[in-house]
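Heads up: the structure comes next, in structure tokens.
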């Protein structure tokens, strides 16, 4: 490699690290947000004891409910905990899915869904079920995704609207920030 190319490569590496560092601490220097934060209403059905055609998992990246056997990107699934029998959400680590690409996470919060404007930076449960019930509010973090600024997760907040033990289902509202490096969880286009 010529000295000029080496200098360009080193400069590009430092620039990439600087962008990633900026993305972790705040949104300064991030590309403009493209995706608008919207609140969606989603229903999931238990992994066990429901028709296989019904969605049992959720993909933060795709902002969509998915069936777990479709081998698609998913970040958490719904089921009744086999030990306690209580409704729970299972991040990818608890489902033992692809640990080599990183795991998703969930974190209960006592904040009201409408009052949450920014994602938590730490404290996510990665490898075990998180118990839920009607009224539960959680932060959700996707598996790391390859973006222009590096490999980073996307963030969401969700509010459990109802749990139906007979139908083995959960209904929740969720707001996902699909903009890489952003942690904003208020409705609308996130600002830098």
Just to be sure I understand the filter: pairs with C-beta atoms under 9 Å, separated by 6 or more residues or on different chains, first member in segment 169-191 and at positive phi and touching a residue at least 12 places away in the same chain (Cβ under 8 Å), second member surrounded by fewer than 23 Cβ atoms within 10 Å (Cβ to Cβ) and part of a strand (DSSP E or B). Which pairs pass?
181/147; 181/150; 181/152; 188/37
Step by step: first the residues of segment 149-161, then only those that are in contact with a helix residue (DSSP H, G or I) (Cβ under 8 Å, 6 or more places away or on another chain) and farther than 17 Å from residue 65 by Cα, then the one that is modelled with the highest pLDDT. Which residue is that?
152
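Would you be able to tell me the number of residues in segment 110-138 that are touching a helix residue (DSSP H, G or I) at 6+ places or on another chain (Cβ under 8 Å) and either under 17 Å from residue 84 (Cα atoms) or part of a loop (DSSP other than H, G, I, E, B) (or both)?
Taking segment 110-138 first, the residues touching a helix residue (DSSP H, G or I) at 6+ places or on another chain (Cβ under 8 Å) are 137.
With either under 17 Å from residue 84 (Cα atoms) or part of a loop (DSSP other than H, G, I, E, B) (or both) added as a condition, the list becomes none.
Adding up the residues that qualify gives 0.
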Those residues of segment 76-94 which are surrounded by fewer than 22 Cβ atoms within 10 Å (Cβ to Cβ), in a loop (DSSP other than H, G, I, E, B) and touching a residue at least 40 places away in the same chain (Cβ under 8 Å) amount to 81, 84, 86
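Output the residues belonging to segment 95-109 that are part of a loop (DSSP other than H, G, I, E, B) and touching a residue at least 40 places away in the same chain (Cβ under 8 Å).
If the condition is that a residue be part of a loop (DSSP other than H, G, I, E, B) and touching a residue at least 40 places away in the same chain (Cβ under 8 Å), then 98, 102, 103, 104 are the ones that fit.
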Apart from one, (1) farther than 25 Å from residue 30 by Cβ; (2) surrounded by 17 or more Cβ atoms within 10 Å (Cβ to Cβ) all hold for residue 104; the odd one out is (1)
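The values are calculated or read from the model by the stated rules, or taken from the named source; none is laboratory data. The structure displayed is predicted, hence computed values, not measured ones. Every residue, glycine as well, gets a Cβ built from its backbone with ideal geometry; the counts of neighbours run over all protein chains shown.
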